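A.B. asks: A single structure is presented below for examination.
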Amino acid sequence: MTKKLSIIIFSSLLFIASPALAVCPVCTIAVGAGVGVSRSVGIDDLIVGLWIGGLLTSLIMWTEDWLNKKNINFKGRTIVNILVYLLLTIIPLYASGIIGNPVNTFCGCGVDKLLFGIIGGAIAFWCGASWYEFLKKRNNNKAYFPFQKVLMPILPLIILSLIFYILTI
């Protein structure tokens, strides 16, 4: 019963939350859906980690945008923001045995697949979002094509997912 109540409360919060402009909400929903679907159908943890990393980066960027709008500034704010999201994600995954399983390592080198994917996905999503901002500034603050803001952060995740899929079959 408490799980259903948690889902209802979380779902209702989504409807009353104010929009953030740091990263497109469609991107975040697409990344979140990718995480849920891929893990449930048995896709390798390396690929799932990419999407978790992308989702975390999107949430971090949203939080930074919200803090800027509220004029909340303190030394090390971005680092604290990043650490909070990473710890809130990695600690439960580690405690539940999903991260840290010695059998679930990448290329046998002892690096956890999920953790490696999270780091790679975070970097890839950030690079895609930064690339979009760079190109937009060069084009008088306008996108070059419709949905560019959605495609550019997600495209590196899709490319890496395909590469890692080929490497893990």
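The values are calculated or read from the model by the stated rules, or taken from the named source; none is laboratory data. Please read these numbers as outputs of a predicted model, since none were measured by experiment. Every residue, glycine among them, receives a Cβ derived from its backbone with ideal geometry; neighbour counts consider all protein chains shown.
A.B. asks: Quick check, is Lys113 on the phi < 0 side of the Ramachandran plot, among the basic types (Lys, Arg) and touching a residue at least 12 places away in the same chain (Cβ under 8 Å)? Don't jump to the end; show me each part of the working.
C.D. replies: Numbers: on the phi < 0 side of the Ramachandran plot: yes; among the basic types (Lys, Arg): yes; touching a residue at least 12 places away in the same chain (Cβ under 8 Å): yes.
In short, yes.
A.B. asks: Among the candidates Ile91, Ile154, Ile82, Ile163, which residue alone is surrounded by 20 or more Cβ atoms within 10 Å (Cβ to Cβ) and β-branched (Val, Ile, Thr)? Please lay out each step first, then the result.
C.D. replies: Working: Ile91 fails: surrounded by 20 or more Cβ atoms within 10 Å (Cβ to Cβ); Ile82 fails: surrounded by 20 or more Cβ atoms within 10 Å (Cβ to Cβ); Ile163 fails: surrounded by 20 or more Cβ atoms within 10 Å (Cβ to Cβ).
Only one candidate passes the filter, namely Ile154.
A.B. asks: Pull up region 128-169, narrow it to residues that are touching a helix residue (DSSP H, G or I) at 6+ places or on another chain (Cβ under 9 Å) and not in a helix (DSSP H, G or I), then point me to the one that is farthest from Pro102 (Cα to Cα).
C.D. replies: Only one residue tops the list, namely Lys142.
A.B. asks: Considering (1) of a type outside the set (Phe, Trp, Tyr); (2) under 15 Å from the mean Cα position of the chain (by Cα); (3) surrounded by fewer than 20 Cβ atoms within 10 Å (Cβ to Cβ), say which one Leu59 fails and leave the rest.
C.D. replies: The one condition Leu59 does not meet is (3).
A.B. asks: For Phe125, are the conditions met, namely being touching a strand residue (DSSP E or B) at 6+ places or on another chain (Cβ under 6 Å), surrounded by 11 or more Cβ atoms within 10 Å (Cβ to Cβ) and either assigned to a helix (DSSP H, G or I) or of a type outside the set (Phe, Trp, Tyr) (or both)? Before you say what the answer is, go through the steps one by one.
C.D. replies: Values: touching a strand residue (DSSP E or B) at 6+ places or on another chain (Cβ under 6 Å): no; surrounded by 11 or more Cβ atoms within 10 Å (Cβ to Cβ): yes; either assigned to a helix (DSSP H, G or I) or of a type outside the set (Phe, Trp, Tyr) (or both): yes.
When the stated conditions are applied, Phe125 does not pass them.
A.B. asks: So is Val26 closer than 26 Å to Leu155 by Cα, modelled with pLDDT under 90, touching a Gly at 6+ places or on another chain (Cβ under 8 Å) and in a helix (DSSP H, G or I) or not? Outline the logic, then answer.
C.D. replies: Working: closer than 26 Å to Leu155 by Cα: yes; modelled with pLDDT under 90: yes; touching a Gly at 6+ places or on another chain (Cβ under 8 Å): no; in a helix (DSSP H, G or I): yes.
It is false that Val26 is closer than 26 Å to Leu155 by Cα, modelled with pLDDT under 90, touching a Gly at 6+ places or on another chain (Cβ under 8 Å) and in a helix (DSSP H, G or I).
A.B. asks: Any residue in region 59-79 that is in a helix (DSSP H, G or I) sitting within a Cβ distance under 7 Å of a residue that is of a type in the set (S, T, N, Q)? List the pairs, counting only those 6 or more apart or interchain.
C.D. replies: Matching pairs, first to second residue: Ile60/Asn81; Thr63/Asn81; Glu64/Thr78; Glu64/Asn81.
A.B. asks: Another question, then. Does region 37-54 hold any residues that are under 13 Å from Leu114 (Cβ atoms) and among the hydrophobic types (A, V, I, L, M, F, W, C), and which are they? Walk me through how you get there before you give the answer.
C.D. replies: Narrowing region 37-54 to residues under 13 Å from Leu114 (Cβ atoms): 38-39, 43-53.
Correct list: Ile43, Leu46, Ile47, Val48, Leu50, Trp51, Ile52.
A.B. asks: Same structure, new question: Just checking, does region 87-100 include any residue being polar (S, T, N, Q), within 24 Å of Leu157 (Cβ to Cβ) and within 16 Å of the chain's Cα centre (by Cα)?
C.D. replies: yes
A.B. asks: Within the set of pairs 6 or more residues apart or between chains, which connect a residue that is closer than 25 Å to Leu56 by Cβ inside region 119-148 to a residue that is part of a loop (DSSP other than H, G, I, E, B) with Cβ atoms less than 7 Å apart?
C.D. replies: Pairs found: Ala129/Val23; Leu135/Tyr144; Lys136/Lys142; Lys136/Ala143.
A.B. asks: Regarding Phe134, is this residue closer than 20 Å to Gly54 by Cα and buried (at least 18 other Cβ atoms within 10 Å of the Cβ)? Don't jump to the end; show me each part of the working.
C.D. replies: Details: closer than 20 Å to Gly54 by Cα: yes; buried (at least 18 other Cβ atoms within 10 Å of the Cβ): no.
The answer is no for Phe134.
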